[in-house]
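The values are calculated or read from the model by the stated rules, or taken from the named source; none is laboratory data. Note that the structure is a prediction, hence the values are computed from the model and not measured. Here the Cβ positions follow ideal geometry from the backbone for every residue, glycine too, while neighbour counts run over all protein chains shown. SASA here: full protein model, heavy atoms, side chains in, ligands and nucleic acids out. Shrake-Rupley method; radii C 1.70, N 1.55, O 1.52, S 1.80 Å.
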Amino acid sequence: MTKRIIIVDDEPSILSGLSKAINKLCNFHGEIITVENGKDAIKKISLCFYDICFLDIQLPDLNGLDVMRRVSEISPKTKIVIMTASFITNDIERAIKENGALLIEKPIDLYEVRAFITHI
């Protein structure tokens with residue numbers, strides 16, 4: 001079965017750079033889809049299973065935490081990786097842990113991404 005990853009971020013450089021890095025650095029041979037907002041992410045995930053969702057916490061249309069909760073509801077086996085350059089409060093950190101998500105800070109450590117992907 002083909003592994004699938006969805007990357008959700010409003011920054012085109014993150015979408016392009018992370019997808020290229022996953023392909024090259026992680027030697028990933030599955031499918032990578034990118035979307036720029038939370039509504040499109042929810043729509044894509046409701047139509048198709050994704051093994052991993054890389055999700056920015058600051059999206060233009062929806063709060064990333066709300067998207068995370070919705071993804072957890074519609075696709076509980078999808079592993080969620082929250083990406084942020086923002087300050088993380090205790091409440092945000094707790095919400096991330098409650099939904100079984102991993103938190104990575106921007107700028108993204110690609111070796112951390114590789115370690116996560118190789119264990120999926």
| task | Considering only Thr89, Thr34, Thr78, give the residue with the highest GNM mean-square fluctuation for the chain, with springs between Cα atoms whenever their separation is below 10 Å. | result | Thr89
| note | Computed, not fitted: 222 nm per-residue ellipticity of the chain from DSSP H runs ≥ 4 (each -39500 (n - 2.57)), nearest 500, equal to -13000 deg cm²/dmol
| query | If the chain between Arg69 and Met1 were fully stretched, how many nm would it gain, using 0.36 nm times the residue separation less the Cα-Cα distance? | reply | 21.9 nm
| Candidate aspartates and glutamates - alpha carbon under 13 Å from Lys20, same-chain residues fewer than 8 apart omitted | Glu31
| task | May I ask you to compute the full-extension gain from Leu62 to Leu102, defined as 0.36 nm times their residue separation minus their alpha-carbon distance, rounded to one decimal in nm? | result | 12.5 nm
| message | Just to confirm, what accessible area per residue do you get for the chain at 1.4 Å probe, in whole Å²? | response | 56 Å²
| In segment 5-120, carbon and sulfur make up what percent of the accessible area (probe 1.4 Å)? | 50 percent
| Loop-only check: which trypsin sites (Lys or Arg not before Pro) in segment 1-63 are DSSP coil with at most 16 other Cβ within 10 angstrom? | Lys3
| field | chymotrypsin sites (Phe, Trp or Tyr not before Pro) within segment 1-107: DSSP coil, no more than 16 neighbouring Cβ in 10 Å | value | Phe49, Phe87
| query | Using a Gaussian network for the chain with springs between C-alpha atoms less than 10 Å apart, which of these wobbles most: Ile57, Ile45, Ile80? | reply | Ile45
| Relative to the present Cα-Cα distance, how much length would full extension add between Lys20 and Ser86 at 0.36 nm per residue of separation? | 21.4 nm
